[in-house]
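Step one of this worksheet: look at the structure below.
The values are calculated or read from the model by the stated rules, or taken from the named source; none is laboratory data. Just so you know, these numbers come straight off a predicted model, no measurement behind them. Note that each Cβ is placed from the backbone with ideal geometry, even for glycine, and that neighbours are counted across all protein chains shown. Note: areas computed on protein heavy atoms with side chains; ligands, DNA, RNA excluded. Shrake-Rupley method; radii C 1.70, N 1.55, O 1.52, S 1.80 Å.
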Amino acid sequence: MIDHRTLRVALLGAGSVGSQVARLLLEHGDDLAERSGASLELSGILVRDLDAPRDVELPRELLTTDAENLIVGADIVIELMGGIEPARTHILTALNSGADVVTGNKALLAAHGAEIFDAADQVGASVSYEAAVAGAIPIIRPLKDSLAGDRIVRIFGIVNGSTNFILDKMDREGLSAEEAQRIATDLGYLEADPTLDLEGYDAAQKAAILASLAFHTEVAMEHVHREGIESITADMIEGARRAGFVIKLLAVCERLPGAEGEGESISVRVYPALISRDHPLATVHGGNNAVFVEAEAAGPLMFYGAGAGGVQTASAVLGDVVSAARRHIAGGVGVGESARQSLPTAEIGRITTRYQITLEVSDEQGVLATIAGILNDGGVSAATVEQTVDDEGTARIVIGTHRAREQALSDTVARLAQSDVVERVASVLRVEGE
């Protein structure tokens, strides 16, 4: 048997992912040593409560509440605590001590990524974060390495398994939003406070990371347009079905051509959107994720798989750990982030898209003509118009627009809402994937 060099690995956090990482390190140490060229010794596991119940039974002697002593002296530090602090402080301590860092902390990277990467560059360490965006799906390394020589035009897809589970339940089983959310909570897809998922914050953090990598530009969270799924109802799901669509919460990152005399910019946004039932994203069910990457040379690429789950995400973490171990054995400095282009992030009004607008209107003559006039005045043309009247006498008009600037479409919806013939704007959804 080869006598491998031993690397000390400190694990910060023993939640659903951290406990599985610890288990796999302990159970598959020999295999990991053969792959990495180093024996990976789990030197300790930082926890808040030594006696808290855990998904995996872990050796008591490895558990500690002493972060500093655990981190200092480690060769590789795995941070799976989540949140901003104390995770940020612990990562900076690890880097300043010369350790490589592996993290799945999307919130921290979205808020303080530049600071962390700069700290790593200063000491020649590496920061790996494959688990931060799409669970087990390998998307970070392809963007960072495999596609580094290409020009990425657009990324869009499903990056939040919890909301996909909810929308999928509503679509395939006809459940209400409340029923689907209750099941998601019972199965562990949603936390007791579901705000991070339902209001799109989780997806927005991941979109910021993806856009930063794809476009070599630091993207601040405040520049990510964010809408969640709180307003999506069973009626909207059914209306989408009748029109041949399914509703998905999408993250969209794309290059925008510059106006005359201006350079190009980027758009980073998260919102619920309509996807044709013929599109591959329409078949992404349950808690799975799927990400499309469109590159000039490589063309369209799709990455699909489990977007959450302790053992699945642990797979991505350990892939990064093996890479970090190989770097230690080979020597040399860590590979830093790609040079920044500093492309500006455009306001949502700059994008070109199309809407499906559902209106409840007065059931009287001349309504369609009035609505057509408002669309025309706003420079918006209708591709499809469907009018129905229910048993209670409520007239409903569903308008599918042609592509137009977001600002023009938004302004037109505002004018429709103020019209005397429109009783209520029932829903407005963008159409993606065309």
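If I ask for residues that are polar (S, T, N, Q), touching a Gly at 6+ places or on another chain (Cβ under 8 Å) and surrounded by fewer than 20 Cβ atoms within 10 Å (Cβ to Cβ), which ones from the stretch 186-221 would you list?
Of everything in the stretch 186-221, nothing turns out to be polar (S, T, N, Q), touching a Gly at 6+ places or on another chain (Cβ under 8 Å) and surrounded by fewer than 20 Cβ atoms within 10 Å (Cβ to Cβ).
Quick one: Ile183 ticks every box in (1) surrounded by fewer than 17 Cβ atoms within 10 Å (Cβ to Cβ); (2) touching a residue at least 24 places away in the same chain (Cβ under 8 Å); (3) of a type in the set (Val, Ile, Thr) bar one, so which box is it?
Result: Ile183 fails condition (2) only.
For the stretch 298-314, how many residues meet the condition of being on the phi > 0 side of the Ramachandran plot and either out of contact with any Gly (no Cβ under 8 Å at 6 or more places or on another chain) or in a strand (DSSP E or B) (or both)?
Residues flagged as on the phi > 0 side of the Ramachandran plot and either out of contact with any Gly (no Cβ under 8 Å at 6 or more places or on another chain) or in a strand (DSSP E or B) (or both) within the stretch 298-314 amount to 2.
List the number of the failed condition for Leu80; all other conditions in (1) within 23 Å of Gly309 (Cα to Cα); (2) open to solvent by less than 20 Å² (accessible area, probe 1.4 Å) hold.
The single condition Leu80 does not satisfy is (2).
Exactly one of (1) modelled with pLDDT under 95; (2) crowded, with 23+ Cβ neighbours inside 10 Å is unmet by Gly98. Its number?
(2)
State which residue pairs qualify: first residue touching a residue at least 40 places away in the same chain (Cβ under 8 Å) and inside the stretch 95-115, second residue open to solvent by 50 Å² or more (accessible area, probe 1.4 Å) and outside any helix (DSSP H, G or I) in any location, beta carbons under 6 Å apart, and separation of 6 or more residues or different chains.
Partner pairs satisfying both residue conditions: Ala114/Glu218.
Regarding the stretch 156-173, can at least one residue be identified that is touching a residue at least 40 places away in the same chain (Cβ under 8 Å), open to solvent by 10 Å² or more (accessible area, probe 1.4 Å), in a helix (DSSP H, G or I) and in contact with a Pro (Cβ under 9 Å, 6 or more places away or on another chain)?
Within the stretch 156-173, one or more residues are touching a residue at least 40 places away in the same chain (Cβ under 8 Å), open to solvent by 10 Å² or more (accessible area, probe 1.4 Å), in a helix (DSSP H, G or I) and in contact with a Pro (Cβ under 9 Å, 6 or more places away or on another chain).
Regarding Leu318, is this residue in contact (Cβ under 8 Å) with a residue 60 or more places away in the chain and either under 20 Å from the mean Cα position of the chain (by Cα) or within 27 Å of Gly228 (Cα to Cα) (or both)?
no
Conditions (1) over 28 Å from the mean Cα position of the chain (by Cα); (2) modelled with pLDDT under 90; (3) assigned to a helix (DSSP H, G or I); (4) surrounded by 13 or more Cβ atoms within 10 Å (Cβ to Cβ), marked per residue:
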site: Val333; (1), (2), (3), (4): yes, yes, no, no
site: Ala339; (1), (2), (3), (4): no, yes, no, no
site: Arg354; (1), (2), (3), (4): no, no, no, yes
site: Ile357; (1), (2), (3), (4): no, no, no, yes
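Could you tell me whether Ile275 is at pLDDT 95 or above, part of a helix (DSSP H, G or I) and open to solvent by less than 30 Å² (accessible area, probe 1.4 Å)?
Here the answer is no, as Ile275 does not meet what is asked.
Among (1) touching a strand residue (DSSP E or B) at 6+ places or on another chain (Cβ under 7 Å); (2) closer than 21 Å to Arg350 by Cα, where does Arg396 come up short?
Going through (1) touching a strand residue (DSSP E or B) at 6+ places or on another chain (Cβ under 7 Å); (2) closer than 21 Å to Arg350 by Cα one by one, Arg396 breaks only (2).
Take the stretch 222-250 and flag every residue that is open to solvent by 50 Å² or more (accessible area, probe 1.4 Å) and out of contact with any Leu (no Cβ under 8 Å at 6 or more places or on another chain).
Glu222, His223, His225, Arg226, Glu227, Ser231, Thr233, Asp235, Glu238, Arg241, Arg242
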